[in-house]
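Following: one structure in structure tokens, then a few remarks.
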Amino acid sequence: GDKMQSKALLLFSFLTLIYYSENSIWLREAKTTVPFSAVVQRENLDGFDTMLINGSVNGKNIATIRAVTTHRVLKKDTFVSLPVLVQLYLTNIGVYELASGFIKDVPSLLMLDLGFNQIRRIRNGVFSGRFAALYRLALHNNEIEEIERRAFSNFSATYLSLSNNRLTLVGDWFKNTSLYSLDLTNNHIAFLVEDTFKKIENLQVIELAMNRIQFIEPKTFTLTKYTFINLSHNFLYDINFLDRVASRSLDISYNQVSRISLPHDVRIGTLTIYPNPWNCHCLHEFWRLAWKLRISYGFRFSEPKKSIPICIYRNECHEDDTQLQREYLKNLTMLNQMSYS
């Protein structure tokens, strides 16, 4: 009875296929081969029903697949011929290897989520040129250490998440891509070279917070007008890569910056510079140039003392430095005026 059914469910990998009803916009039929036994849960207007499948299932109107399986290698043809599949969730299922062709013939796929697995390597051919309609690819919270050259060539996705992995550099991964947002938060990246983002012509948002970046070559960010570049929580000491940078917002907070150079051709809307252990003389110069270039600079206060945030003067300045207080208050007033102009 119920106990036997519960045991049967535990013996098989769990796969959820959410079916859309006959009244949905998905009118075409699809058939897929599932190369392992699974429990299938079907959703329609009348509620849920479950069935045990082995080998194949009629995939009429399948729009979303959610799977929890014991298979650690997604082999070739694991998911094939799903013409109306829109979302595929393969999260937290212990996968450590993706074979080229593990998914194919999915012309409507918009979202592919492979987060929270143990994937260590992305091979060329796994994602390149495979998905005509893909909008978002999630590979976050894996153990990725290596991505082969041009692994994301002819890549249609707009959003790519590689956060919380073990990458040590940004390599030559892209060619002919539509990528708009790249998330590399919380990896082990130590430096960025001039051609790092050269082949991602449409890139607007770069998330590089919580890495180990100590050095960025000049002209690394000069080819595109970015919306947001996040370099916070790294190990940057000198900011000498702003030549010809164009970005609506740049965040360099929580680094080790004591000095900054603002070239006259920099085009940054908001530059978040606090907290950092600033050199007071350099900070005065920055305030002067920022006002002249109409750059707004965000304040992230650490513990304030008197009228000045401690993060401004903890390097070599004293809280009773009257010149620093005057400069700070004057530039805070300028900042407020700028925000309303």
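Structural remarks
- Qualifying residue in region 192-211 (condition: within 22 Å of VAL257 (Cα to Cα), in a loop (DSSP other than H, G, I, E, B) and among the aromatic types (Phe, Trp, Tyr)): no
Okay, residues lined up against (1) at pLDDT below 95; (2) in contact with a strand residue (DSSP E or B) (Cβ under 6 Å, 6 or more places away or on another chain); (3) farther than 22 Å from ILE144 by Cβ:
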site	(1), (2), (3)
LEU192	no, yes, no
VAL205	no, yes, no
LEU242	yes, no, yes
ALA246	yes, yes, yes
ASN255	yes, no, yes
LEU262	yes, no, yes
ASP265	yes, no, yes
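- Residues in region 154-183 that are under 16 Å from LEU98 (Cβ atoms) and in a strand (DSSP E or B): LEU160, SER161.
- Set side by side, the residues ARG130, ARG66 differ, and just one is closer than 21 Å to ASN165 by Cβ and at pLDDT below 85, which is ARG130.
- Taking the numbered list (1) crowded, with 21+ Cβ neighbours inside 10 Å; (2) touching an Asp or Glu at 6+ places or on another chain (Cβ under 9 Å); (3) not aliphatic (A, V, I, L, M) in turn, ASN255 passes all entries but (2).
- Scope region 232-252; condition of a type in the set (Phe, Trp, Tyr) and surrounded by fewer than 17 Cβ atoms within 10 Å (Cβ to Cβ); matching residues: PHE235, TYR237
- Test for ASN124: is it closer than 22 Å to SER181 by Cα, surrounded by fewer than 16 Cβ atoms within 10 Å (Cβ to Cβ) and modelled with pLDDT of 85 or more: yes
- Any hit, region 131-151, residues being at negative phi, of a type in the set (Ser, Thr, Tyr) and touching a strand residue (DSSP E or B) at 6+ places or on another chain (Cβ under 6 Å): no
- Pairs with Cβ under 8 Å, 6+ apart, first in region 281-298 and closer than 12 Å to SER258 by Cα, second among the basic types (Lys, Arg) and in a helix (DSSP H, G or I): none
- Residue check for ASN186: of a type outside the set (A, V, I, L, M), in contact (Cβ under 8 Å) with a residue 12 or more places away in the chain and within 27 Å of LEU109 (Cα to Cα): no
- Qualifying positions in region 232-260 - of a type in the set (Gly, Ala, Ser) and under 15 Å from THR222 (Cβ atoms): ALA246, SER247
- Taking the criterion of being in contact with a Phe, Trp or Tyr (Cβ under 7 Å, 6 or more places away or on another chain), under 22 Å from ARG212 (Cα atoms) and either aliphatic (A, V, I, L, M) or surrounded by 22 or more Cβ atoms within 10 Å (Cβ to Cβ) (or both), the only residue of region 135-159 that qualifies is ILE147.
- Selection within region 221-231 - part of a loop (DSSP other than H, G, I, E, B), of a type outside the set (Phe, Trp, Tyr) and crowded, with 21+ Cβ neighbours inside 10 Å: LEU231
- Looking at SER249, SER296, just one residue is hydroxyl-bearing (Ser, Thr, Tyr) and touching a Phe, Trp or Tyr at 6+ places or on another chain (Cβ under 9 Å), and that residue is SER249.
- Filtered by the rule that a residue be assigned to a loop (DSSP other than H, G, I, E, B) and under 24 Å from the mean Cα position of the chain (by Cα), region 237-255 gives PHE241, LEU242, VAL245, ILE252, SER253, TYR254, ASN255.
This table checks each residue for (1) under 21 Å from VAL86 (Cβ atoms); (2) at pLDDT 95 or above; (3) of a type in the set (Lys, Arg).
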site: ASN142; (1), (2), (3): no, yes, no
site: SER153; (1), (2), (3): no, no, no
site: SER156; (1), (2), (3): yes, no, no
site: LEU169; (1), (2), (3): no, yes, no
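- Members of region 258-274 found to be of a type in the set (S, T, N, Q) and surrounded by 19 or more Cβ atoms within 10 Å (Cβ to Cβ), listed by number: THR272
- Test for PHE215: is it of a type outside the set (Gly, Ala, Ser) and closer than 19 Å to ILE122 by Cα: no
- Output for region 89-118, where each listed residue is in a strand (DSSP E or B) and surrounded by fewer than 20 Cβ atoms within 10 Å (Cβ to Cβ): TYR89, GLU97, LYS104, MET111, ASP113
The values are calculated or read from the model by the stated rules, or taken from the named source; none is laboratory data. Keep in mind it's a predicted model, so treat the numbers as computed, not measured. Here the Cβ is made from the backbone with ideal geometry for all residues, glycine too, and neighbour counts use every protein chain on show.
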